[in-house]
Amino acid sequence: MSATQTHVLAYAFPPSGHVIPLLDLAKRLVSSGIYVTVLVTPSTQTLVPTNYSPLLQTFLLPAPQFPNPNQDPNQNRLAAIITFMRHQHYPILLEWARAHPSPPSAIISDFFLGWTHDLARDLHVPRIIFSPSGAFALSVSFSLWRDLPLNDNPEDPNSVVSFPNLPNSPTYPWWQISPLFRESERGGPNWELHRENMLLNLDAWGVVFNSFTELERVYLDHVKKELGHERVWAVGPVLPLEENGSNRPEEDRGGSSTVSRHELMTWLDSKPNGSVVYVCFGSRGVLTSEQMDVLTRALELSGVHFIFSVTGPDMIPSGFVDRVRGRGFIIEGWAPQLVILSHRAVGAFLTHCGWNSVLEGLTSGVVMLTWPLGADQFTNSKLLVDQLGVAIRAAEGTEKVPEPSELAKRIEGSLGKTKERVRAEELRDAALGAIKKYGSSHKQLDALVKQLNELKNEQVTV
């Protein structure tokens, strides 16, 4: 790279659901002539393609260490990873960046890494948040950690928490509020760590969303109001898609499937248009045995063709595979989700509502059945069902799970000619239009690149 080339550090939180979209953004920046160093750990470096471009490089950092989950509460795991990265990665990055022949002119980091605000300060560069969630979800997080709403009746998990300062004044039962806020001891070290991280995000120089204006306009405007400036860019969906919605060759990003592409395509090719329901709860979502029993029984009762992606064979009730043989296709481990969703035979998607899955469902024009399990998923489900009208509520966590017969009806009904299907096709066209030349996200990406290059020019002038 030349000494005058703009250089950006891209720093993701380690889970693949955070790394993959930031890597997709990095590829977009590289295509626009920005030199990007992706900060990786031993578990994430394999996600970065080798020989992609001389402008896409990696820097290897130590793997985060965290307590044994059998010895510590689950919510401490996240705090331990963040603390490790803050204490161990910070000095390494400071020394590396200062010695680099082309020092970075900006840091783009995950919203879980609010402490990189201090790293950016020490390097005298701006820090830009990359949000792997949407603008609605980040708006809720900002309000939650800044305004600190109270549960008037802690013994009642259905006690309502409201966010009157947000557009549409969303409300949630207490059990749907982030466990980072709800379960940690208020004022304790883990709780304070998460609050400090989120409040540092409010001081960021800018925010990049893997979203698009037509999807979340009101919440994007709200974030600009919250931050007090216009440096908010919606550049999504940052998926490996062509402008017509077809997949690029890198559609298997993130992992290898346990089934061959040929086997999967042969099965899908044999099914009528819009007749298949794809079921997946992401790479980290795990159902309880009770939830799995309801879901598998519902799939049996529905009579529909389906693809079911599970984390492992021990998750499936005994005899289920035999009973649905020919009608159901089971994938253990990583599933090539974009390939599946974009196939003409797939008409609906039963999803946990992780933001990556939401965007992949939207760009494929399928009706979504929502079954959020935690984190930002309840907010994403509310957006899809209540505000956009593009999805059907299937279940919610462990608290609101219908009888198998009722869930079967919802699954079967999702393949019909519903108002949700009409809306899904409209939003698919909007998503694909956003990433086309002169589309909203294309323009926003150009504006981001322009600002990054201006930052470099200011450094050169100084």
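Can you work out the base-10 log of I(q)/I(0) for the chain at q = 0.08 1/Å, using the Debye formula on its C-alpha atoms alone? Scattering profile of the chain, log10 relative to I(0): -0.46.
For residue 100, the solvent-accessible surface computed with a 1.4 Å probe is close to 30 Å², ligands and nucleic acids excluded. Listed values for region 445-453 are Karplus-derived 3J(HN,Hα) couplings in whole Hz (6.51 cos²θ - 1.76 cosθ + 1.60, θ = phi - 60°), namely 5, 4, 5, 5, 4, 4, 5, 5, 5, and x replaces Gly and Pro.
What pairs from 27/443; 27/224; 224/456; 225/437; 271/417 go past 20 Å between their alpha carbons? Intermediate results must be reported in sequence, preceding the final value.
Numbers: 27/443 16 Å; 27/224 25 Å; 224/456 24 Å; 225/437 28 Å; 271/417 18 Å.
Going by Cα-Cα distance, 27/224; 224/456; 225/437 fall outside the 20 Å limit.
Would you work out if region 285-418 is rounded, prolate or oblate? Take a ≥ b ≥ c from the square roots of the eigenvalues of the alpha-carbon gyration tensor; rounded if a/c is under 1.5, else prolate when a/b is larger than b/c, oblate otherwise. It is rounded, given that a/c, with a ≥ b ≥ c, falls under 1.5.
What is the Rg over Rh value, at two decimals, for region 34-167, using alpha-carbon atoms and the Kirkwood definition of Rh?
Working: Rg = 18.6 Å, Rh = 17.8 Å.
Reported Rg/Rh (Cα atoms, Kirkwood Rh): 1.04.
Rolling a 1.4 Å probe across the protein heavy atoms gives region 396-462 an accessible surface of 59 Å² per residue. For the chain, the longest principal axis of the C-alpha atoms and the axis of helix 355-364 are separated by about 60°. Near residue 279, the amide H atoms lying under 5 Å from its own belong to 307, 308, 309, 350; only residues 5 or more places off or on other chains count, and H is placed 1.01 Å from N.
Against the chain, whose longest principal axis comes from its Cα atoms, helix 213-227 is set at around 40 degrees. A protection proxy built from the mean count of other Cβ atoms within 10 Å ranks the segments 24-32, 405-413, most packed first, as 24-32, 405-413.
Starting from the Kirkwood radius over alpha-carbon pairs of region 373-462, derive D by Stokes-Einstein at 37 °C in a medium of 0.692 mPa s and give it in µm² s⁻¹. Write down the numbers at each step before the final one.
Working: Rh = 16.6 Å.
My calculation gives 197 µm²/s for D.
Annotation: average projected area of region 152-207 is 4.9 square nanometres, based on the convex hull of Cα atoms across all directions. Short-range pairs are left out: with C-alpha atoms under 8 Å and at least six residues apart, the relative contact order of region 132-209 is 30 percent.
Accessible surface calculations at 1.4 Å, restricted to protein heavy atoms, place region 95-153 at 33 Å² per residue. Give me the percent of accessible area attributable to carbon and sulfur for the chain, probe 1.4 angstrom. In the chain, the share of accessible area belonging to carbon and sulfur is 49 percent. Along region 86-103 the Karplus relation, 6.51 cos²θ - 1.76 cosθ + 1.60 evaluated at θ = phi - 60°, assigns HN-Hα couplings of 5, 7, 8, 7, 3, x, 4, 5, 4, 5, 5, 5, 5, 8, 5, x, 10, x Hz to successive residues, with x for each Gly and Pro.
Specify whether the C-alpha gyration tensor of region 309-357 places it in the rounded, prolate or oblate class, a ≥ b ≥ c being the square roots of the eigenvalues: rounded for a/c under 1.5, otherwise prolate if a/b is larger than b/c and oblate if not. All intermediate terms of the calculation are to be shown ahead of the outcome.
Numbers: a/c = 2.22, a/b = 1.43, b/c = 1.55.
Taking the square roots of the gyration eigenvalues as a ≥ b ≥ c, region 309-357 is oblate.
By the helix-only formula, in which each DSSP H run with n ≥ 4 contributes -39500 (n - 2.57) and the sum is divided by residues, the chain has a 222 nm mean residue ellipticity of -12500 deg cm²/dmol.
For region 325-374, applying the loop criterion from DSSP together with a ceiling of 13 other beta carbons within 10 Å to the trypsin sites (Lys or Arg not before Pro) yields 344.
Normalised by the number of residues in the chain, the mean separation of alpha-carbon contacts (under 8 Å, six or more apart) gives a relative contact order of 15 percent.
The string of couplings for region 204-210 from the Karplus curve (6.51, -1.76, 1.60, θ = phi - 60°) is 5, 5, x, 9, 10, 10, 7 Hz, one whole number per residue in order, with x for Gly and Pro. Taken over region 113-200, the percentage of Cα pairs per 10 Å bin, counting from 0 up to the bin with the maximum distance, is 15, 43, 31, 10, 2. Accessible area per residue was computed with a 1.4 Å probe on protein heavy atoms; residue 329 scores about 20 Å².
Pull out a ≥ b ≥ c, the square roots of the eigenvalues of the alpha-carbon gyration tensor of region 1-41, then state rounded if a/c is under 1.5, prolate if not and a/b is larger than b/c, and oblate in the remaining case. Note, shape of region 1-41 comes out oblate.
Quick check: net charge around residue 311, other residues with Cβ under 12 Å of its Cβ, Lys/Arg +1 and Asp/Glu -1? Before the final figure, lay out the partial values.
On the way: positive: 284; negative: 314, 332.
Residues near residue 311 contribute -1 overall.
In this structure the amide hydrogen of residue 210, modeled in the peptide plane, comes within under 5 Å of the amide hydrogens of 131, none closer than 5 places in sequence on its chain.
Using Cα pairs under 8 angstrom and six or more residues apart, how large is the relative contact order of region 312-379, in percent? About 26 percent, as a whole number.
The values are calculated or read from the model by the stated rules, or taken from the named source; none is laboratory data. Given the structure is predicted, the values throughout are model-derived calculations rather than measurements. Cβ coordinates were reconstructed from backbone atoms using ideal geometry, including for glycine residues, and neighbour counts include every protein chain displayed. Heads up: the accessible areas ignore ligands, DNA and RNA and are worked out on the full protein's heavy atoms, side chains in. Shrake-Rupley method; radii C 1.70, N 1.55, O 1.52, S 1.80 Å.
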